[in-house]
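Beneath this line is the structure, given in structure tokens, with notes to follow.
Read-outs: derived from the displayed coordinates by stated rules, not from any lab. Keep in mind the model is a prediction, meaning the values are calculated, not measured. FYI the Cβ positions are ideal-geometry reconstructions off the backbone, even for glycines, and counts take in every protein chain you see.
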Amino acid sequence: RPPPPAPGAPTPSLFVAMWRRALCAAVPVAAAKRGPTHAWAAATRGRRPGWRPVPACSRQLAHAATTPRVDVDQDRRIIEISPEAPSAHSASCIFMHGLGDTASGFAGVCHAWAMEMPHVRFVLPTAPVSPVTLNAGMRMPSWYDVVGLDDRLLESCEGIEASRDTILELLAKEAAAVGHDRCVLAGFSQGGAMALFVGLQLPQRLAGVLSLSAYLPTPGTVSISQEALATPVLQCHGEADSMVAISTARATEQFLEAHGVQNRGFKAYSDLAHAVHDEELEDVADWLACVLP
């Protein structure tokens with residue numbers, strides 16, 4: 001495992017730093033634009049990557065924003081992991097990162113999923129850089145503004161409509177190729193919140209909506225469409241999450257139930273903080289294989 005950061009060292013991500021093990025570190029990010037390689041396939045066959053979470057305390061937020069990742073400018077793009085043969089593309093998954101991260105944050109995970117599902121294209125956008133109230137107005141990649149760590153369901157989430165429009169443009173492109181019912185919206189933390197916010201209000205039924213360590217933002221303004229009532233929804237959350245309390249995710253689960261969302265799933269992980277780990281990634285891979293066969 002990598003050594004812990006030295007005291008005072010820059011925090012690589014706002015809420016959580018995910019360090020690739022040797023298997024993931026050996027794969028250049030640039031490969032994501034070309035799709036999975038034969039070398040990656042040989043190295044990862046029968047395996048999924050492991051990640052070690054390093055939580056960032058609230059007092060580190062300002063410091064984290066002033067010392068962004070070295071590759072943040074290079075990452076301000078969309079990463080696409082496409083099937084090697086264009087004719088094999090029959091499904092798509094749009095995966096959105098969390099606050100302060102970029103598209104590269106989950107590129108390794110999506111590479112591994114792509115090798116198991118060679119017919120699925122994974123599209124990883126990067127959020128625009130905007131001021132975040134929680135971080136004293138400092139700028140970082142964010143899908144919408146975050147005011148505090150409490151009362152998440154009462155926030156106004158300024159900027160969420162513009163981000164929704166961006167995701168809808170990406171979704172329209174993928175749906176034109178494979179159909180809405182062959183597309184999944186997914187994300188971690190703030191990205192998972194976007195997946196719920198966009199996916200549940202669409203006038204088309206999706207193949208699925210995946211929310212990792214997230215919640216439905218501004219539920220008072222959300223009108224779940226009739227089509228979305230049949231969309232499969234999976235929520236995964238850590239019981240040790242101090243950034244987005246599992247009670248907030250449970251409130252979203254209750255909201256979905258009350259509004260008639262039929263195909264719901266909720267998986268809780270007792271030892272998981274605001275991060276992902278191997279067991280969760282295994283569960284997600286199985287779910288993706290079911291909704292995007």
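A simple rule links phi to the HN-Hα coupling: the Karplus curve 6.51 cos²θ - 1.76 cosθ + 1.60 with θ = phi - 60°, which for the stretch 79-88 gives 9, 10, 10, 9, x, 4, 9, x, 5, 7 Hz, with x for Gly and Pro.
Among 139-146, 226-233, 208-215, sorting by the average number of other beta carbon atoms lying within 10 angstrom of each residue, highest first, gives 208-215, 139-146, 226-233. Per-residue 3J(HN,Hα) values for the stretch 209-226, derived from phi via the Karplus relation 6.51 cos²θ - 1.76 cosθ + 1.60 with θ = phi - 60°, read 10, 10, 10, 9, 6, 9, 7, 8, x, 6, x, x, 9, 8, 10, 5, 6, 4 Hz in sequence order (x marks Gly and Pro). With a cut-off of 12 Å between beta carbons, the residues surrounding residue 133 carry a summed charge of -2, where Lys and Arg count +1 and Asp and Glu -1.
Multiply the residue separation of residue 204 and residue 84 by 0.36 nm, subtract the distance between their alpha-carbon atoms, and state the gained length in nm to one decimal.
On the way: separation 120, 0.36 × 120 = 43.20 nm, distance 2.84 nm.
Full-extension gain reported as 40.4 nm.
Here each label is just a point 7 Å from Cα along the line to Cβ, and for residue 164 and residue 242 those points are 3.3 nm apart.
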